[in-house]
Every structure is written in structure tokens, then in C-alpha cells.
Amino acid sequence: MDKELKKLYEQRNDKLEEMDKLTHDENGEVRSTAMTEEETQKFDTLEAEVRALTETIDRIERRRKQSIEKADPEKRAEAEKEEAEKRAFVAYVRNTFGSLDEETRAAANFTVTDNTAVIPSSIARKIIEEVKDRCRIFDLASKYNVKGDLIFPVWDESDGGITMEYAEEFTEPKHTAGKFTSVKLTSYLARVTTLISKSLLNNAAFDLFTYIVGKVSEAVADFLEKEMLCGTMDKIEGLSKVEAKITTLDSDSLIDLQDSIKGAFQSRCRWIMSPATKNKIRKFKDGQGNYLLERDYANGTGAWHLLGKPIELTDVLEEGEIYYGDFSGLAVKIVENPAIEVIREKYYEQHAVGLCVWLEMDGKVIEPQKIAKLKTGE
């Protein structure tokens with residue numbers, strides 16, 4: 001789904017939720033009192049807006065279907081498979097999977113047990129793609145979709161590096177001091193649980209698919225951002241083992257931090273810091289009185305740049321804590337065929353259904369020479 005169509009769905013979903021709040025009480029039950037005149041007018045306005053959005057979405061999707069029909073057979077088959085997987089997924093959450101025709105269920109390749117199902121690959125990809133949009137450190141990292149442990153050889157250059165030299169036949173080479181170590185990415189289970197109102201679940205006009213993908217992606221992105229940047233003891237390590245070799249925050253320290261990364265890696269380097277740290281650096285100037293921070297208006301984004309490199313902001317890092325580097329040196333393993341569990345009985349009294357998605361993931365630095373850290377007070 002393209003971003004423009006997604007926005008239309010989200011607008012319609014927001015208005016449907018507002019309508020639901022007008023017709024139900026805080027417990028999700030149908031209200032026992034009549035609407036006021038103001039509430040009635042608001043409901044009618046929302047209903048008209050939902051109708052207009054629905055008609056627009058329907059026209060766009062009809063046109064898209066016509067485009068699919070014109071596409072070559074291979075692309076058409078892939079699009080039809082994705083649509084079947086989407087319908088099966090939504091039907092499973094709504095508890096109407098058994099009502100789907102056999103052809104749709106077969107095309108969806110949707111494995112279902114009593115309360116659990118394996119999410120089809122196309123839906124898992126949509127979740128992961130949206131996580132990339134929401135979590136920049138995950139987007140910048142090297143990503144692997146592999147089950148089981150993943151072991152990377154790491155060259156330790158702390159006592160020297162691999163060098164090339166002139167040589168003559170039958171002479172002994174000079175041995176370098178560096179050595180190979182290894183980093184193992186394992187599988188840590190993590191889950192995302194979200195509640196869906198039964199009123200929304202039973203509303204055929206509500207775009208349940210976009211709502212679920214958005215909610216799950218948001219939770220996964222928040223979790224990954226924290227784990228990749230800060231880590232958790234005995235769990236995902238992320239960048240937490242990167243040592244801060246610079247402990248003061250001033251103009252010279254920022255230059256030293258940037259220059260600590262070799263020139264071969266500089267083309268993809270950027271900064272990661274908190275908004276509070278960025279605001280502090282905004283006051284820094286060079287020897288000519290120019291501010292170090294500048295906005296990139298040339299590309300029409302106005303994004304902040306520091307010493308010529310883009311800044312990524314996060315609320316996860318502490319003030320005075322900065323990472324600089326090429327973050328492809330961070331490896332993230334996330335198994336992209338997650339399982340989903342629908343919890344119907346536990347939240348029955350809340351007039352809601354629980355949705356629990358399980359993921360396997362891990363993240364560690366595999367190329368330490370690409371990433372440097374500054375932290376004040378160390």
C-alpha cells in the first residue's frame with residue numbers, strides 16, 4: 001500500500017474511532033443516554049466524511065485492480081496472492097476464517113492452529129518495512145533474516161591490523177598482531193500485544209489490516225530503537241558495548257569523534273543523539289564564529305547537519321551521549337516469519353480482543369571500527 005492511500009485509510013479509521021466513542025461508553029458498551037444536539041451534529045459530520053473517504057478509497061482500489069489485471073501474469077499472480085493473504089489475516093483476527101472459500105484459504109498459505117497462526121510473508125514484510133520507516137537505527141543497520149544462531153568473524157585491530165608488504169620468494173612474512181574473534185547473534189523472543197475494540201473489529205468499514213500493521217510496527221520500532229541503542233543486560237546488546245573514548249562535549253571533541261572513524265567509512269556516517277544534546281550543540285561555533293549545526297535546505301528537507309553529516313534524533317539516548325559512524329557495522333537479526341496469537345477470552349469484559357505477535361531478534365556490533373561514541377562524565 002502506498003503512503004497516500006495509507007493516509008486515507010488512517011484518516012477514515014480515526015473518524016470511525018471518533019464515531020465509536022460517540023455511540024459507546026468508556027467500557028465499549030452501547031451508550032444508555034441519547035446524544036446531545038452537538039454530538040448528533042458531530043456524528044453526522046463524521047459519517048459524511050467517512051462516506052467521502054470510503055468512496056475515494058474504493059475508486060483508487062478499483063483503479064488499482066484494473067492496473068493489476070493489465071499487469072503481466074507473474075506480477076498479477078503475486079498481487080492476487082498478497083490480497084488473499086491479507087483477506088485471510090483479517091478474517092483470522094475477526095474470527096471469520098472458517099467462512100472464507102477454500103480457494104482463498106489455499107491461496108493465502110495461512111497456517112492456523114487453535115489460537116495461533118504464522119503470519120504470511122507479504123504481511124510480515126509490510127510490518128518490517130514500516131518498522132524501518134519508524135526506527136532509523138534499524139533501517140541503517142545490517143539486517144539478517146535467519147533462524148538459529150548467526151556467527152560473524154570479527155577482526156580485532158586493537159593491537160595492529162592486516163597490512164600488505166613487498167615480498168621476495170622463499171622469505172618469511174611479517175606477522176600482524178591482530179586476531180580474529182567472533183560475535184554470535186542468537187534468538188531472543190519478544191512479543192507485541194495490542195488490544196482492538198470489538199466495535200472496531202465488527203465494523204466492516206474499518207480498515208483493520210492497516211490499523212494492526214501500524215500498531216504492531218509502532219511497538220516493534222519503539223522496542224528496537226531502545227534495544228539497539230541501549231541494550232538490556234543478558235539480552236540484546238545493540239551498541240551498549242561501544243566504549244566512549246571521548247568524554248567531553250565541545251567543538252573540538254566533536255571533530256575528534258568524527259575523525260576517529262577511518263575515511264573509508266565516512267561516506268555513510270551520521271550522528272545519533274537526543275534532542276537535548278542537539279539543542280546544546282546548536283550553540284557551538286567554529287573559529288570564525290559560524291554555528292557548527294546547519295540545516296540542509298538544498299534537498300528541501302531542512303534536516304539538521306553537523307560537520308557535514310546528517311543527525312538522527314532519538315529520545316532513547318541520554319543528554320551528552322552521542323554515536324557517530326556507519327551503522328551498517330551493527331548487525332540485527334530479526335526472523336521475518338513471526339507468529340500471531342489472538343486472545344479472545346482474557347479481554348472479554350473489556351469488550352476487546354488481544355493480538356500478540358511474537359518475534360525472534362538480536363543485535364550486536366560486528367564492525368567496531370565503523371562506530372564511535374562520546375559520553376560526558378565517563
> Identify, please: which residue in the range 98-127 is in contact with a strand residue (DSSP E or B) (Cβ under 7 Å, 6 or more places away or on another chain) and of a type in the set (A, V, I, L, M, F, W, C) and is, among those, modelled with the highest pLDDT?
Replying inline: I119
>> I'd like the full set of residues that are within 20 Å of G263 (Cβ to Cβ) and in contact with a helix residue (DSSP H, G or I) (Cβ under 9 Å, 6 or more places away or on another chain), limited to the range 309-321.
In response: K309
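Residues Y347, Y323: which one is at pLDDT below 95 and on the phi < 0 side of the Ramachandran plot?
Y347
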>> So if I check each of E17, E85, E78, E74, which one is assigned to a helix (DSSP H, G or I), under 27 Å from L355 (Cβ atoms) and at pLDDT below 75?
In response: E78
> Does K143 meet the test of being modelled with pLDDT under 85, on the phi < 0 side of the Ramachandran plot and either not in a loop (DSSP other than H, G, I, E, B) or not hydroxyl-bearing (S, T, Y) (or both)?
Replying inline: no
>> Out of the residues in the range 297-320 meeting the condition of being at pLDDT below 85 and part of a loop (DSSP other than H, G, I, E, B), tell me which one is nearest to P275 (Cα to Cα).
In response: G302
>> For the structure I just gave you, tell me whether I322 is of a type in the set (V, I, T) and more than 21 Å from G231 (Cβ to Cβ).
In response: no
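Residue by residue, here is whether (1) touching a strand residue (DSSP E or B) at 6+ places or on another chain (Cβ under 9 Å); (2) without any contact (Cβ under 8 Å) to a residue 40 or more places away in the chain; (3) not polar (S, T, N, Q) holds:
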{"position": "S187", "(1), (2), (3)": "yes, no, no"}
{"position": "N202", "(1), (2), (3)": "no, no, no"}
{"position": "I212", "(1), (2), (3)": "yes, no, yes"}
{"position": "A244", "(1), (2), (3)": "yes, no, yes"}
{"position": "T248", "(1), (2), (3)": "yes, no, no"}
{"position": "L254", "(1), (2), (3)": "yes, no, yes"}
{"position": "I261", "(1), (2), (3)": "yes, no, yes"}
>> Under 7 Å between Cβ atoms, which residue pairs at least 6 apart in sequence (or on different chains) link something in the range 127-152 that is over 13 Å from E225 (Cα atoms) and in contact (Cβ under 8 Å) with a residue 60 or more places away in the chain with a partner that is among the polar types (S, T, N, Q) and crowded, with 17+ Cβ neighbours inside 10 Å?
In response: I127/S217; E130/S217
> If A204 passes every condition in (1) assigned to a loop (DSSP other than H, G, I, E, B); (2) within 30 Å of I119 (Cα to Cα); (3) touching a helix residue (DSSP H, G or I) at 6+ places or on another chain (Cβ under 9 Å) but one, which one does it miss?
Replying inline: (3)
> modelled with pLDDT of 75 or more, under 15 Å from L208 (Cβ atoms) and assigned to a loop (DSSP other than H, G, I, E, B), is that true of N95?
Replying inline: yes
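Per-residue answers, yes or no, for (1) touching a Cys at 6+ places or on another chain (Cβ under 7 Å); (2) modelled with pLDDT of 70 or more; (3) over 23 Å from T116 (Cβ atoms):
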| residue | (1), (2), (3) |
| --- | --- |
| M164 | no, yes, yes |
| A167 | no, yes, yes |
| H175 | no, no, yes |
| G178 | no, no, yes |
| T181 | no, yes, yes |
| K184 | no, yes, yes |
| S187 | no, yes, no |
| I196 | no, yes, no |
> Could you list, in sequence order, the residues of the range 23-62 that are exposed (fewer than 11 other Cβ atoms within 10 Å of the Cβ), more than 22 Å from A204 (Cβ to Cβ) and of a type outside the set (S, T, N, Q)?
Replying inline: E26, A34, E37, E38
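Rundown of residues vs (1) over 18 Å from A372 (Cβ atoms); (2) in a helix (DSSP H, G or I); (3) in contact with a Leu (Cβ under 8 Å, 6 or more places away or on another chain), yes/no style:
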position: L189; (1), (2), (3): yes, no, yes
position: V192; (1), (2), (3): yes, no, yes
position: K226; (1), (2), (3): yes, yes, no
position: N279; (1), (2), (3): yes, yes, no
position: G287; (1), (2), (3): yes, no, no
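The values are calculated or read from the model by the stated rules, or taken from the named source; none is laboratory data. Not measured: the values here are computed from a predicted model. FYI the Cβ positions are ideal-geometry reconstructions off the backbone, even for glycines, and counts take in every protein chain you see.
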